[in-house]
Amino acid sequence: MSASRNTNRRRSTSLIAFLALALWLCSTIAQAESIAVIVNKNNPSEPLRQVAVADMYHGETLNWPNGERIKLVNREISAPVRKQFYERVLNAKSDEVFYRQGTPIPVQSVIERSDEAVVNFVATIEGAIGYVSLSNLKKIGSDQVKVILIVESP
Amino acid sequence: MRRSLKHRRNNASPLGSHTSRAIAILALLFWGACPNFLFAQLPNLPSQLSNQPLEDGKENSVEQLKRKVEQIQKQYQKELSELQERLGSVEKRQSTLSDELGQSVKLGGYGLVAFEDFRDRKTTYAGKMELLISGQFHDRIRFYSEIDLGVPHGTSEVEQGYVDLLLTQAFNFRAGVLLTPFGKFNLDHFDPRQDLTDRPVVARRITPTTWSDLGVGAFGLVPLGDSLKATYDIQVINGLTDKFTALSQGGALGSSTGGVVAQDIGLRDARTGLRTDNNGNKAVVGRGTLKFLDQYEVGVSGYRGAYKETSNDQIVGTSLDAEFRPRGVPFWEDFVFKAEYARFDIENSSAPSSLWGYYAQINYRFWPAFLNSTVMGRHFSNPALTLVGRYGYARINTAAVSDGKLTENTTVIGLNYRPVQNYVIKVEYQFNSGQLERKSLDGFLASVSWLF
């Protein structure tokens, strides 16, 4: 009698654990969004690899192939899209500071407070590169900028 | 009398009738010409004044006015959106201009105020203020200066002051007062960037942090694959001299925070202090690193240079360092591991003949959610607490003491609070044992440091 009760309890515990895990996984997947890395429409660069974008934000690549200086656009530290971009593209936490190669000089970027503002900035400034959530870009309209990389949701 | 009255009545009556007629005609004309105008201006006239045509005219006027208002609103919206667009464009250009200006010259600095309380010593405050100036006067030429403003010793000095000629990612040229690329700690010595107040003993007595010298060098980055990068930094500098110290005189020993300073045991006094070389031979120093996934870094450094005025006897140094920041690994991603080993051998010297030491440090970053509603978290977007543990050891082999060596080991437990990345309040407790610097005195340190 007590053995069967124990077995039932164990099964219930396993089921609850499994459900909790499934729920956590679902919520994690649901939170992750595809990210679009965008540049100005006049930027002649071809689609970039994730490593190349990371090198720019790490301060290791300072200029576009045509010689123009890269102007980095970032979201504020608390923005979910920044957290995802830093984790998936830069392998870093969202508040990590990068330094110019061989110096203690921090890599500078323009901070914008919304995806719309990022798109507007990149659309206005040649040499700018930024990132926004792909779904937001579709809402805002992607015709103002050029999508150079899409980081798919995991 | 009666006649005169009659006459007066006869005289008055034609004039009065003419006037009355004229008034009546004018009234009719006025009534006929302006009724709409009058009713439009007086919408709340009593009902006996209104009639059907007047009401129609009133409605027409209201409709016209509504249409006009709508037109004005549309026009206004159009102009407003155009203005917003222009303003946005101006803001972006202004932002870019300020960015460009920021690239040209940037003034910053960092500071530290530290309090220390070691057993059997008087408590003291120590401090540090450094000025940072950087910028570019050409797209490919940048400069950087770090000037110690002389707190608390009173003598300011240039810790770094160089100019970079940026040629390619793999090769760039640097000249000036250079921060010596020996070990990671010396290159990353800014107090606000560190998680403990006191520097490890190996970075004070073995590698003489902050170690800089006049010279020229080259540095660069070479990608070895998507996940692997190599960097190098090599310099030709004046080099260390023979002013090193094996044993303090008078017994009082130095503190990296400036608290109790008498004589700098180890290689600290062998730094040139930016004076001219004591011999004609230049020293060569360099550091190479391998970075994997931008999270795991391993570095190797080397130093070789003559130190005497009259002979070619050499100081030879080697250093190994590592820093791991696991990312995307649940639980471990909140940890940082750091370690460094350094050794110097001095030819034809017995006091000291060699020096070596190491440290290993582990940081755990966390933030309990309940602190978000307190003053520690309420006003900040990403505050953090970091728990730090470090063990360090240093040894100086010298014939100046009977057992041939001076050692010291230090264990530190610390906690720091960063409301933002560049402002930190640190507290720590040290357990010391040895003869080099803190001797066997345990003590408490606290500091506030900032970087802007």
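Structure above, values below:
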{"item": "Candidate aspartates and glutamates - alpha carbon under 17 Å from A:Lys139, same-chain residues fewer than 8 apart omitted", "result": "A:Glu33, A:Asp115, A:Glu116"}
{"item": "Accessible-area composition of the range B:173-228, carbon plus sulfur, in percent [1.4 Å probe]", "result": "63 percent"}
{"item": "Whole-Hz ³J(HN,Hα) from phi, Karplus 6.51 cos²θ - 1.76 cosθ + 1.60, for the range A:111-123, glycine and proline x", "result": "9, 10, 9, 8, 4, 4, 5, 5, 4, 4, 5, 5, 5"}
{"item": "At R0 = 25 Å, FRET efficiency that the Cβ-Cβ distance of A:Glu68 and A:Val97 yields, to 0.05", "result": "0.55"}
{"item": "Gap separating the Cα centres of the range B:264-339 and the range B:412-441, nearest whole Å", "result": "22 Å"}
{"item": "3J(HN,Hα) from dihedral phi, the range B:383-393, Karplus parametrisation 6.51/-1.76/1.60, rounded to Hz, x for glycine, proline", "result": "x, 8, 10, 10, 9, 10, x, 9, 10, x, 9"}
{"item": "Heavy atoms of B:Phe171 accessible to a 1.4 Å probe, total area in Å² rounded to 10", "result": "100 Å²"}
{"item": "Karplus (6.51, -1.76, 1.60) ³J(HN,Hα), θ = phi - 60°, over the range B:431-442, in Hz, Gly and Pro reported as x", "result": "10, 10, 8, x, 10, 7, 10, 8, 6, 10, 9, 7"}
{"item": "Two-site label geometry, B:Asp226 and B:Glu157: point separation in nm, points 7 Å out along Cα→Cβ", "result": "4.8 nm"}
{"item": "Hits among aspartates and glutamates - C-alpha to C-alpha of B:Lys78 under 14 Å, sequence gap 8 or more where chains match", "result": "B:Glu70"}
{"item": "Residue-averaged beta-carbon neighbours from other chains (10 angstrom radius) around A:54-65", "result": "2"}
{"item": "Solvent-accessible area per residue for the range A:57-154 (1.4 angstrom probe, square angstrom)", "result": "40 Å²"}
{"item": "Partners for B:Lys229 among aspartates and glutamates (Cα-Cα distance below 15 Å; same-chain residues under 8 apart left out)", "result": "A:Asp55, A:Glu60, B:Asp294, B:Glu297, B:Glu323"}
{"item": "Inter-probe distance in nm under a simple model that places probes 7 Å from Cα toward Cβ, at A:Ser142 and B:Lys439", "result": "7.1 nm"}
{"item": "Part-to-part distance (alpha-carbon centres) for the range A:89-154 and the range B:111-186, which is given in Å", "result": "31 Å"}
{"item": "Area buried, chain B against chain A - accessible surface, total, 1.4 angstrom probe, square angstrom", "result": "3300 Å²"}
{"item": "Buried on assembly, the range B:316-335 (at least 50 Å² less accessible surface than by itself, 1.4 Å probe)", "result": "B:Arg327"}
{"item": "Residue-averaged beta-carbon neighbours from other chains (10 angstrom radius) around A:114-125", "result": "3"}
{"item": "Placed amide H near B:Ala351: partners under 5 Å, 5+ positions off or other chain", "result": "B:Ala399"}
{"item": "Residue mean of other protein chain beta carbons inside 10 Å, B:188-195", "result": "1"}
{"item": "FRET efficiency, A:Ser114 to B:Ala170 (Cβ-Cβ, R0 45 Å, nearest 0.05)", "result": "0.75"}
{"item": "Given B:Lys291/B:Lys338; B:Lys282/B:Lys308; A:Lys71/A:Lys146; B:Lys122/B:Lys184, the pairs whose alpha carbons are separated by over 21 Å", "result": "B:Lys122/B:Lys184"}
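The values are calculated or read from the model by the stated rules, or taken from the named source; none is laboratory data. Keep in mind the model is a prediction, meaning the values are calculated, not measured. Every residue, glycine as well, gets a Cβ built from its backbone with ideal geometry; the counts of neighbours run over all protein chains shown. Calculation scope for accessible area: heavy atoms of the full protein, side chains included, ligands and nucleic acids excluded. Shrake-Rupley method; radii C 1.70, N 1.55, O 1.52, S 1.80 Å.
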